[in-house]
Structures are given as structure tokens and as C-alpha cells.
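To keep things clear, I will list the structure first and then write my remarks on it.
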Amino acid sequence: MPAPAPHGPTPDLLQLITHAERLLQRRLSAILRAEQCPPEAWRVLALLAAEGGRPMTEVADGAFLPPGTLTKVVDQLVEHSLVYRRVDPLDRRRIRAYLSPRGRQLHDRIAAQVRGSIAELAMPEGERDQLAALLGALSDALSRHPAAA
């Protein structure tokens, strides 16, 4: 899908966001394929790298995965020594997931490649920051006003 003309009619926001997301996803997929890291696993690694140990329910929500799928993904990450689980010290009924040192190395390596790929876009830092702020505000607004079922 070609980018909208700069001086044509006002582009549809949903179309622009969808188009940008798909193009970014292609870039990310190429990096993840080279690292043999599935996108679902990357979302878990990125979440744990940013937040440290987290309860599995929070990981499922933050990684946009249903609990059953998350369990399978985390099982695979544990099997590859990228993540480990521990009982939550504050609530012994909960399990927390943590990034292992090996998982941190993988995350940092992929994150550097992702940053490099984004830097290739030659978007000025101020515009990148502005875009991040606008997308954050959009996400917050959509979270506060979810669509009716």
C-alpha cells in the first residue's frame, strides 16, 4: 500500500497506523528470524527486560498473549535458559518470570539491532520523541475508553 500523498485528502488515522505497524513488523521480523526468536518470545523478553520480574498474569497482558500461549512461550524460554520462574515472595500463589543473564544478552543484542533499524529511517530525534508521545497518548485514550463489545 503506497503512502498517502502529502498534499491530498487527510489520511485515515487507522490506515496510517496499520500501514506503519506492518512496515515496522517486517523490519522486526527480519531481525527476529536472524536471531531465531519468535515474535511472541521477543515481546516477553522485552517486557521482562524493561520491568524485571513480573507475575505471569501481567506478562500475559503486557505481551498481548492469552495465558495458555504465554505458558508455552515461557516454557520454551525456560528450556533455552533465557527466562526463569520463581514463586512470588509477596504472594506465594503467584509465579513471577525473570530474565536470565543469557536472556538479557539476547534481549540487548536484538534491541540494539532494532534501534539501528529504526535509526536508519533518518527521522529526527525530536520527531521520534513526538511520535512516541502521541502514540502513548493514543494508547492511553484507547485504554480509558475501550470499544463496546
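The values are calculated or read from the model by the stated rules, or taken from the named source; none is laboratory data. Worth saying up front: this structure is predicted, and the values here are computed from it rather than measured. Quick reminder, even Gly has a Cβ in these numbers, built from the backbone with ideal geometry, and neighbours come from all protein chains shown.
Brief remarks follow.
- Applying the set (1) hydrophobic (A, V, I, L, M, F, W, C); (2) closer than 20 Å to GLY103 by Cβ; (3) modelled with pLDDT under 95; (4) exposed (fewer than 14 other Cβ atoms within 10 Å of the Cβ) to ALA34 leaves exactly one unmet item: (3).
- Test: residue in segment 101-120 that is surrounded by 12 or more Cβ atoms within 10 Å (Cβ to Cβ), in contact with a Pro (Cβ under 8 Å, 6 or more places away or on another chain) and not aliphatic (A, V, I, L, M): no
- Criterion: of a type in the set (A, V, I, L, M), surrounded by fewer than 17 Cβ atoms within 10 Å (Cβ to Cβ) and modelled with pLDDT of 95 or more - qualifying residue of VAL78, VAL44, VAL74, VAL87: VAL78
- Residue within segment 125-145 that is among the small types (Gly, Ala, Ser), farther than 19 Å from PRO39 by Cβ, surrounded by 11 or more Cβ atoms within 10 Å (Cβ to Cβ) and modelled with pLDDT of 90 or more present: no
- When segment 37-66 is filtered for residues that are aromatic (Phe, Trp, Tyr) and either farther than 20 Å from ALA97 by Cβ or part of a helix (DSSP H, G or I) (or both), only TRP42 remains.
- The set of residues in segment 99-122 that are hydroxyl-bearing (Ser, Thr, Tyr) and more than 16 Å from the chain's Cα centre (by Cα) contains only SER100.
- For segment 46-69, the condition holds for at least one residue, the condition being that it is touching a strand residue (DSSP E or B) at 6+ places or on another chain (Cβ under 8 Å), among the basic types (Lys, Arg) and either more than 24 Å from SER143 (Cβ to Cβ) or in contact (Cβ under 8 Å) with a residue 40 or more places away in the chain (or both).
- Residues of segment 1-31 satisfying the condition of being among the hydroxyl-bearing types (Ser, Thr, Tyr) and either modelled with pLDDT under 95 or part of a loop (DSSP other than H, G, I, E, B) (or both): THR10, THR18
- Given (1) part of a loop (DSSP other than H, G, I, E, B); (2) within 20 Å of GLY52 (Cα to Cα); (3) not basic (Lys, Arg), index of the condition ALA148 fails: (2)
- Among the conditions (1) within 23 Å of LEU13 (Cβ to Cβ); (2) among the acidic types (Asp, Glu); (3) outside any helix (DSSP H, G or I), ASP91 misses just one, which is (1).
- Summed over segment 99-137, residues that are within 19 Å of GLY52 (Cα to Cα) and part of a helix (DSSP H, G or I) total 12.
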